[in-house]
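What follows is calculated from the coordinates using simple rules that are stated; it is not laboratory data. None of these values were measured; they are calculated from a predicted model. Cβ coordinates were reconstructed from backbone atoms using ideal geometry, including for glycine residues, and neighbour counts include every protein chain displayed.
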Ligand code: ATP
Ligand code: MG
């Protein structure tokens, strides 16, 4: 089985519908075909200021939601990044392989630090792509399921893996980016010109999976559409309606073409009412399962401990080889 690795940040509390349809759903599917490692990347979350109690709560909440969404600890390895100290350790090694210039070219850092003001951006934010390199290489991952925005970081991973292998001998598998093309991109329900995101969306345009289902239904019913009153998939001319069709189709498995046929001659209200129902049917059990994990911290902790143990077995072996290759004296 090829090995896959992906990490998700625990920064927002509730995951939103874009996170689910654009990432988490793929994690669930990949469990069937890959030896899959998934982690809640709390070390990455620290690259921007975090309130300690909030970070801790959000990290456990992220793990609970991943399990609620369908990650099965018997079929994948789910863990918290900081539980596997090899991430930080290999991260240091890779910091010493990466060039300052190439790290400076990472567009995400440029964007995020510009947003914060250059003086407030941390060194951690600057080297975060290099920690990500270590995250991937530790597991000798073949495939890294990520969105388009992560392509540059995967390229950096490949460059640094090849550089290390050339300089110190074959150590790391050079991974392929598995940019998931067919993955749905979900837009803000109030402003379908922007992607649904925790930092940019309007509150009414953002579907948080842990919202009260009534709130979710209300948000769907007040989604922005257009004046044409025809239910047709046309992302350029009809971005609002098309977004609703994408969401409907990905949640139910009904093709967009089929939905267009089904709603021919019907009003937007009919589509919204049905989609609101589909959404409520999805979030209601999701919330309940998440709550079950939160109410039973022993079970959640046991799952995460077992995941960390499985992850460490792989990570420790890779780290030992890398430490040896670069000339560090083994501890006796
Ligand atoms: P931020 O605003 O801080 O960037 P975000 O809402 O974009 O947050 P991330 O933590 O950046 O969420 O993304 C987590 C995962 O969810 C990534 O794999 C990302 O590609 C995916 N994702 C985020 N928003 C969407 C969206 N609107 N549609 C599809 N996938 C999305
Ligand atoms: Mg994002």
Exposure proxy check: 66, 125 ranked by fewest other beta carbons within 10 Å?
125, 66
Can you tell me what percent of all Cα-Cα pairs in region 1-52 are more than 19 Å apart?
35
Provide Rg over Rh for region 71-170; use the alpha carbon set for both Rg and the Kirkwood Rh (inverse mean inverse pair distance).
0.99
In Å and whole numbers, how far do the C-alpha atoms of region 217-274 stretch along each principal axis, longest first?
24, 24, 21
What number in nm² do you get for region 96-251 if you take the convex hull of its Cα atoms and divide its surface by four?
12.1
With the 8 Å Cα cutoff and a minimum separation of six or more residues, the chain has a relative contact order in percent of 21
In which sequence would 279, 39, 196 go, from the one with the fewest C-beta neighbours within 10 Å to the one with the most?
279, 196, 39
To two decimal places, what compactness ratio does region 176-269 give when its Cα radius of gyration is scaled by 2.2 N^0.38 Å?
1.11
Rounded to the nearest 10 degrees, what's the angle between the helix 107-116 long axis and the longest principal axis of the chain, both from Cα atoms, 0 to 90?
70
Working from the pairwise distances between different alpha carbons, so that the mean of 1/r is found and then inverted, what is region 184-231's Kirkwood radius in Å?
11.3
Taking max minus min of the Cα coordinates of region 246-332 on each principal axis, largest first, gives extents in Å of 75, 34, 14
So the pair-distance distribution of region 1-118, from every Cα-Cα distance in 10 Å bins, comes to percents of 12, 36, 37, 15, 1
Using the Cα atoms of region 158-215 to build a convex hull, what is its mean projected area in square nanometres?
6.8
Could you work out which residue, out of 12, 98, 118, moves most in a Gaussian network model of the chain, that is, has the largest mean-square fluctuation with Cα springs under 10 Å?
118
Sticking with the crude label model, points 7 Å out along Cα→Cβ, report the distance from residue 258 to residue 309 in nm, one decimal please.
4.3
Report for the chain the percent antiparallel among DSSP-assigned beta bridges with both residues inside it, nearest 5.
15
Remind me, relative contact order of region 161-306 in percent, using alpha carbon pairs under 8 angstrom and six or more residues apart?
20
Tell me, what is the percent relative contact order of region 74-150, built from C-alpha pairs under 8 Å that lie six or more residues apart?
42
Residues 220, 314 in order from fewest to most other beta-carbon atoms within 10 Å are 314, 220
Kirkwood hydrodynamic radius of the chain, Cα pairs, Å:
21.3
